[in-house]
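As structure tokens, the structure follows; a few thoughts come after it.
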Amino acid sequence: MITLSHDHERDWITVEDNDGNKKQFVVEALLAIEEDTYALLRSEHELDHAIVMQVENEDDEQYLIGINDPRKKTMVLDAYEIAVEANPAD
């Protein structure tokens, strides 16, 4: 389950795993690549480490799915890097 809350500068989400454990993440980016959507997340406690997950929509809810394929993770991170270089933050 994904719950969005708004920060003045960033969107934060609370992710609940299958065991009911909740963890806060900052949404660094949402990327649409081909027919899929990916989320680049950073933990509230580990802002120097990014997590890449796939966003799945089912029955009007969104789920984050882990990505095990290193090539897919690299593809998403490369796309993010290109987007940042094309539109650098102020």
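The values are calculated or read from the model by the stated rules, or taken from the named source; none is laboratory data. Owing to the predicted nature of the structure, the values given are computational and were not obtained by experimental measurement. Cβ: placed from backbone, ideal geometry, glycine included. Neighbour counts: every protein chain shown. Calculation scope for accessible area: heavy atoms of the full protein, side chains included, ligands and nucleic acids excluded. Shrake-Rupley method; radii C 1.70, N 1.55, O 1.52, S 1.80 Å.
Could you please tell me which pairs satisfy a Cβ distance under 7 Å, a separation of 6+ or placement on different chains, a first residue in region 19-38 that is on the phi < 0 side of the Ramachandran plot, and a second residue that is of a type in the set (Lys, Arg)?
Filtered contacts from region 19-38: PHE25/ARG42; VAL26/ARG10; VAL26/ARG42; VAL27/ARG10; GLU28/ARG42.
Note down all Cβ pairs under 8 Å where the first residue falls in region 51-74 and is within 15 Å of PHE25 (Cα to Cα) and part of a strand (DSSP E or B), the second is open to solvent by 80 Å² or more (accessible area, probe 1.4 Å) and aromatic (Phe, Trp, Tyr), and they're at least six residues apart or on different chains.
VAL55/TYR63
Take the residues in region 22-50 that are acidic (Asp, Glu) and part of a strand (DSSP E or B), then tell me which one is nearest to ASN87 (Cα to Cα).
The selected residue is GLU28.
Condition first: small (Gly, Ala, Ser) and in a loop (DSSP other than H, G, I, E, B). Now tell me which residues in region 75-90 satisfy that.
Scanning region 75-90 gives a single hit, ALA89.
Please count how many residues of region 33-54 are open to solvent by less than 90 Å² (accessible area, probe 1.4 Å) and not hydrophobic (A, V, I, L, M, F, W, C).
Total meeting the criteria: 8.
Any residue at all in region 55-73 that is exposed (fewer than 14 other Cβ atoms within 10 Å of the Cβ), of a type in the set (Gly, Ala, Ser), closer than 19 Å to ILE13 by Cβ and at pLDDT 85 or above?
The answer is yes, given that some residue of region 55-73 is exposed (fewer than 14 other Cβ atoms within 10 Å of the Cβ), of a type in the set (Gly, Ala, Ser), closer than 19 Å to ILE13 by Cβ and at pLDDT 85 or above.
Please tell me if THR3 is at pLDDT below 80 and in a strand (DSSP E or B).
yes
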